[in-house]
Amino acid sequence: MVAKRKQGAEAGEEQERPKYIIQKYRDRLNILRHAQEFSQKDDIPRAVTAYMKYLESLAEYFEITEDKLHPELFAREKNLAEILLISQVYWDLAKAYDRSPRLKKECERCLKQFVKFSLGFKFQFINSEMLRKFMKKRAAYNPKLFSDAFQKLKLNSRSCYIATYSFHENSMIVYDLRQFKQKLVKSSLGSMLTDLYYRQSPNLIDLFIEYPNVGLLANSIFIRPLLRAFTFFAKII
């Protein structure tokens, strides 16, 4: 069924659909642009309405309901930009619904969709950082919902913040540290240390980005030698 729908997305209008559905699908990016404009003006009700129209235009095109939208409906590489847009739409909706106590369930649902449309994609780290910075501002009315979403992104993330900063993404040291992390989280102490690392290391990276000379000095004198030594001992544990 998923393969059939994905094929339909690639075939576009070749599948038989009512003309009004095809037209709504064609107009979806204009609808999304209006939603973003409303959001920038803090006109939340109209932004939510427009965001939902965008999502519903996709859902109708795939002949499903909006809550059944899933990344597998889209060609992973060809439709990557659209998948990113969908993740951002669910993110904005989650923040909007978070403002109302009676819409807590919708906030939670949209966060789950946000995570679903983030996991495994090139922009996962960007989305997780966006979520982390939002939590850091303490702007959420339901912080646990956002924290749970962040934990899901973090747990499935391949990122090792400091190691990736100090070495390139595909270096063997980064790979070895990721492998060690998988072993570490299996114990309660290891899981606690991993959580501490993920809480503190982004702040350190923010500092290094803000003060690049400090980052360069710390990286060459302290961080790189420490990570090399740590990787060596991790292999023999």
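The values are calculated or read from the model by the stated rules, or taken from the named source; none is laboratory data. Here the structure is a predicted model, which means the values were calculated and not measured. Don't worry about glycine lacking a Cβ; one is built from the backbone with ideal geometry, like all the others, and counts go over all protein chains shown.
Do we find a residue being free of Cβ contacts under 8 Å to residues at least 24 places away in the same chain, farther than 26 Å from Gln23 by Cα and outside any loop (DSSP other than H, G, I, E, B) anywhere in the range 116-124?
No; the residues of the range 116-124 include none that is free of Cβ contacts under 8 Å to residues at least 24 places away in the same chain, farther than 26 Å from Gln23 by Cα and outside any loop (DSSP other than H, G, I, E, B).
Counting only residues that are hydrophobic (A, V, I, L, M, F, W, C) and free of Cβ contacts under 8 Å to residues at least 40 places away in the same chain, which one in the range 95-115 is nearest to Tyr165 (Cα to Cα)?
We begin by selecting, within the range 95-115, every residue hydrophobic (A, V, I, L, M, F, W, C); these are 96, 103, 107, 110-111, 114-115.
Checking which are free of Cβ contacts under 8 Å to residues at least 40 places away in the same chain leaves us with 103, 107, 110-111, 114-115.
Values: Leu103: 39, Cys107: 33, Cys110: 31, Leu111: 28, Phe114: 26, Val115: 24 Å.
Among residues in the range 95-115 that are hydrophobic (A, V, I, L, M, F, W, C) and free of Cβ contacts under 8 Å to residues at least 40 places away in the same chain, the one nearest to Tyr165 (Cα to Cα) is Val115.
Give the residues of the range 68-80 that are part of a helix (DSSP H, G or I) and farther than 21 Å from Pro18 by Cα, sorted by residue number. I'd like the intermediate steps shown before the answer.
Pass one, the range 68-80, residues part of a helix (DSSP H, G or I): 68, 71-73, 80.
Answer for the range 68-80, where residues must be part of a helix (DSSP H, G or I) and farther than 21 Å from Pro18 by Cα: Pro71, Glu72, Leu80.
Take the range 125-149 and flag every residue that is outside any helix (DSSP H, G or I) and of a type outside the set (Phe, Trp, Tyr).
Lys137, Arg138, Ala139, Ala140, Asn142
So which of Tyr54, Tyr25 is out of contact with any Lys or Arg (no Cβ under 7 Å at 6 or more places or on another chain), aromatic (Phe, Trp, Tyr) and in a helix (DSSP H, G or I)?
Tyr25
Of the residues Arg178, Arg199, Arg224, which is among the basic types (Lys, Arg) and in contact (Cβ under 8 Å) with a residue 24 or more places away in the chain?
The unique qualifying residue is Arg224.
Does Val89 meet the test of being in contact with a helix residue (DSSP H, G or I) (Cβ under 9 Å, 6 or more places away or on another chain) and surrounded by fewer than 20 Cβ atoms within 10 Å (Cβ to Cβ)?
no
Looking at (1) exposed (fewer than 15 other Cβ atoms within 10 Å of the Cβ); (2) in contact with a helix residue (DSSP H, G or I) (Cβ under 9 Å, 6 or more places away or on another chain), can you tell me which one Gln200 breaks?
The number of the failed condition is (2).
Does the range 186-199 hold any residues that are of a type outside the set (Phe, Trp, Tyr) and at pLDDT 75 or above, and which are they?
Residues satisfying the conditions are Lys186, Ser187, Ser188, Leu189, Gly190, Ser191, Met192, Leu193, Thr194, Asp195, Leu196.
Which one of these is at pLDDT below 75 and not assigned by TED's automatic domain parsing to the domain that holds Leu131: Ile205, Ile173?
Ile205
If you check Ala59 against the conditions, is it free of Cβ contacts under 8 Å to residues at least 12 places away in the same chain, within 30 Å of Pro143 (Cβ to Cβ) and surrounded by 15 or more Cβ atoms within 10 Å (Cβ to Cβ)?
In short, yes.
Please verify whether the range 98-109 includes one or more residues that are surrounded by fewer than 17 Cβ atoms within 10 Å (Cβ to Cβ), acidic (Asp, Glu) and touching a helix residue (DSSP H, G or I) at 6+ places or on another chain (Cβ under 8 Å).
Within the range 98-109 (the criterion being surrounded by fewer than 17 Cβ atoms within 10 Å (Cβ to Cβ), acidic (Asp, Glu) and touching a helix residue (DSSP H, G or I) at 6+ places or on another chain (Cβ under 8 Å)), the answer is yes, since at least one residue qualifies.
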